[in-house]
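Structure first, commentary second.
The values are calculated or read from the model by the stated rules, or taken from the named source; none is laboratory data. Predicted model, so just to flag it, every value in this text is computed and none were measured. Reconstructed Cβ throughout: ideal geometry from the backbone, glycine too, with neighbour counts over all protein chains shown.
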Amino acid sequence: MPLSRVAVQKVGKRFGQHRALVGVDVELAAGEVCALLGPNGAGKSTLVGILSTLVRPSSGDVTYVEGDAARRADDRLRREIGLLAHASLCYGELTAVENLVFFAGLYGVAEPQARAHALLDQVGLDGKARERTVRTYSRGMVQRLALARALVADPSLLLLDEPFTGLDRGGALALGQRLGQARADGAIVVVVTHDLEAIAEVTDHVVILRRGQLVHVEKKRGFTYAELRDVYHRHAD
Amino acid sequence: MPIDGLSENLTMPASCPPRAQRRTTMVVGPSFLRTAGAVAAKDLRVELRSREVVYTMTFFAAVIVVVFSFAFVKDQKALIEAVPGVAWAAVVFAGTIGLGRAFDREREGDTMRALLLSPAPRLAVFAGKTVAITALVIAVEAVVLPLCLLFFNVDLGAAVLHLALILALGALGFSVVGTVFAAMLLRVRSRDVLLPVVLYPILVPMIMAGTKATGALLAGATGDAWFWTQFLAAYDAVFVIVSLWTFEALVIE
């Protein structure tokens, strides 16, 4: 069953002496796109890591809610989480189809071949490219494949860390389409980006971090680029 | 970067069924064995495509055997007593090279994170990686064993099957312990230096049992050989349990 809400409560994370996050509270709801913004080193990727269950918070708690019931961060919950990270999370020695079929298998997706080709259609990787090993791909093609991998199980919590990096205009359009589709679908979408212009229109929820601390939260159905830029500069700079 | 036409794209395309309908195409969940098999098959497929790890390991192991067969000579004959040490040193050192390189691949695309993020049981991921590494180590042993028999002029007769069993148990023990530590050190900058430092002390009982079993077999002491073979099997069983117990805790940040 898809997630309806994720509550981040007083979450902190230390790496040795360095405090990456300090007492962050955020509530994420289904059908919303949350822009997680902040300067470099603000703790955005750490928060995404914690939301993905791959990083354990040093303090605080993350509650994943399915319907009205809280869920434990177990194997089943991870099926609901799709992550697009800085790295591709794909194998360079395998082709795009082989990568997606492998991950579809791990997520228990029926008909992995058909799912892989459908996703590659959606992200715009054409027939010849799909049969080449990922090692031969350009940065933008890798990013398209990484997006397809993140979507392989149709997640209800979609975490995208700098998703527009390396994408050309077509790729950015496809990504915008997927974000809109995920939102209309009732997914919780978190986007970490410095590309405010690309994300403004689809943003419902702005969360700004600075030096590991939450400095601003604002909810509004769609921002203009100018509005989002103003909010960012007022709180992040 | 402005994205023209983004607003028009915000609605779901007609070709895309709603989430609830799409979810019906999901099966219940990947089983332990299916996941372990998929991870092992993927690792072996990647290796078959590049053959980089197995060639490096085999070449290194073969060089060790050849060099030591010329080094340990008495009365113009290679010393049979050196065979256990040479064979196990070749397997362990070559295995460490393979282990490091196999996990470097997971680091390149940060794919270990992808494996751990999937809903597949994390212990099945561990099992799959272990099976693949065991297969590579056994492939190296399949070259080391005949080379040792040839260069040290050893005729084991039917006992060669017993030696194969000892080496297979050693390969499993090495891979189980090695996979845990290699996965744990994946994000550590000096992992190439640290891996042998943390791995070898834990492998000492296994190497000791392996060399003792091999030596006893060469000396014709079958009873002793079986004792050390059982010791190796017990070592494997203990470390399979300990590794399954600790793997998840060790690999999560």
- [ ] Go through the range B:49-81 and give me each residue that's without any contact (Cβ under 8 Å) to a residue 60 or more places away in the chain and among the hydroxyl-bearing types (Ser, Thr, Tyr).
- [x] B:Ser50, B:Tyr55, B:Thr56
- [ ] Would you please name the residue that is farthest from B:Glu106 (Cα to Cα), looking only at residues in the range A:57-80 that are assigned to a helix (DSSP H, G or I) and touching a residue at least 24 places away in the same chain (Cβ under 8 Å)?
- [x] A:Leu77
Task: Matching residues in the range B:87-111 - criterion: being in a helix (DSSP H, G or I) and within 14 Å of another protein chain (Cβ to nearest Cβ) - done: B:Arg101, B:Ala102, B:Phe103, B:Asp104, B:Arg105, B:Glu106, B:Arg107, B:Glu108, B:Thr111
Task: the range B:82-104, subset in contact (Cβ under 8 Å) with a residue 60 or more places away in the chain and either among the charged types (D, E, K, R) or surrounded by fewer than 21 Cβ atoms within 10 Å (Cβ to Cβ) (or both), residue nearest to B:Ser243 (Cα to Cα) - done: B:Gly100
- [ ] Collect the residues in the range A:6-35 that are touching an Asp or Glu at 6+ places or on another chain (Cβ under 8 Å), surrounded by 14 or more Cβ atoms within 10 Å (Cβ to Cβ) and over 26 Å from A:Ala198 (Cβ atoms), keeping them in residue-number order.
- [x] A:Ala7, A:Gln9, A:Val11
- [ ] Can you tell me which residue among A:Leu160, A:Leu147 is in a strand (DSSP E or B) and buried (at least 20 other Cβ atoms within 10 Å of the Cβ)?
- [x] A:Leu160
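If you check B:Ala62 against the conditions, is it aliphatic (A, V, I, L, M), under 22 Å from B:Glu141 (Cα atoms) and part of a helix (DSSP H, G or I)?
Numbers: aliphatic (A, V, I, L, M): yes; under 22 Å from B:Glu141 (Cα atoms): yes; part of a helix (DSSP H, G or I): yes.
Spelling it out, B:Ala62 is indeed aliphatic (A, V, I, L, M), under 22 Å from B:Glu141 (Cα atoms) and part of a helix (DSSP H, G or I).
Only one residue in A:Glu98, A:Glu93 is within 11 Å of chain B (Cβ to nearest Cβ), in a loop (DSSP other than H, G, I, E, B), among the acidic types (Asp, Glu) and without any contact (Cβ under 8 Å) to a residue 60 or more places away in the chain, so which one is that? If you could, list the steps in order and put the result at the bottom.
Numbers: A:Glu98 fails: in a loop (DSSP other than H, G, I, E, B).
Of A:Glu98, A:Glu93, the one residue that is within 11 Å of chain B (Cβ to nearest Cβ), in a loop (DSSP other than H, G, I, E, B), among the acidic types (Asp, Glu) and without any contact (Cβ under 8 Å) to a residue 60 or more places away in the chain is A:Glu93.
Which of the residues spanning the range A:108-118 are part of a loop (DSSP other than H, G, I, E, B) and either more than 8 Å from every other protein chain (Cβ to nearest Cβ) or in contact with a strand residue (DSSP E or B) (Cβ under 8 Å, 6 or more places away or on another chain) (or both)?
Step one: of the range A:108-118, the residues part of a loop (DSSP other than H, G, I, E, B) are A:108, A:110-111.
Residues satisfying the conditions are A:Gly108, A:Ala110.
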- [ ] Among the residues of the range A:13-51, count how many are in a loop (DSSP other than H, G, I, E, B) and among the aliphatic types (A, V, I, L, M).
- [x] 2
TODO: Restricting attention to the range A:63-80, report how many residues are farther than 30 Å from A:Gly127 by Cβ and buried (at least 20 other Cβ atoms within 10 Å of the Cβ).
DONE: 3
- [ ] Note down all Cβ pairs under 6 Å where the first residue falls in the range B:177-188 and is assigned to a helix (DSSP H, G or I), the second is of a type in the set (Lys, Arg), and they're at least six residues apart or on different chains.
- [x] B:Thr179/B:Lys129
Open item on the list: Which count do you get for residues in the range A:163-208 that are more than 9 Å from every other protein chain (Cβ to nearest Cβ), assigned to a helix (DSSP H, G or I) and in contact with a Gly (Cβ under 7 Å, 6 or more places away or on another chain)?
Closed with: 2
Open item on the list: Being within 14 Å of chain A (Cβ to nearest Cβ), at pLDDT 90 or above, touching a strand residue (DSSP E or B) at 6+ places or on another chain (Cβ under 9 Å) and assigned to a helix (DSSP H, G or I) is true for just one of B:Ala132, B:Ala114, B:Ala127. Which residue is that?
Closed with: B:Ala114
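For the range A:134-164, give me each residue that is hydroxyl-bearing (Ser, Thr, Tyr) and closer than 23 Å to A:Glu98 by Cβ.
Taking the range A:134-164 first, the residues hydroxyl-bearing (Ser, Thr, Tyr) are A:136-138, A:156.
Hits for the range A:134-164 are A:Thr136, A:Tyr137, A:Ser138.
Select, from A:Leu83, A:Leu54, the only residue that is within 10 Å of chain B (Cβ to nearest Cβ) and assigned to a strand (DSSP E or B).
Working: A:Leu54 fails: assigned to a strand (DSSP E or B).
That would be A:Leu83, the only listed residue that is within 10 Å of chain B (Cβ to nearest Cβ) and assigned to a strand (DSSP E or B).
Look at the range B:239-249 and say how many of its residues are surrounded by 13 or more Cβ atoms within 10 Å (Cβ to Cβ) and away from chain A (no Cβ under 12 Å).
Our first condition is that a residue be surrounded by 13 or more Cβ atoms within 10 Å (Cβ to Cβ); within the range B:239-249, this holds for B:239-240, B:242-244, B:246-248.
Add one more test, that the residue is away from chain A (no Cβ under 12 Å), and what stays is B:239-240, B:242-244, B:246-247.
Selection size over the range B:239-249: 7.
Taking into account only those residues within the range A:130-144 that are facing chain B (nearest Cβ under 10 Å) and either assigned to a loop (DSSP other than H, G, I, E, B) or of a type outside the set (A, V, I, L, M) (or both), which is surrounded by the fewest Cβ atoms within 10 Å (Cβ to Cβ)?
A:Arg135
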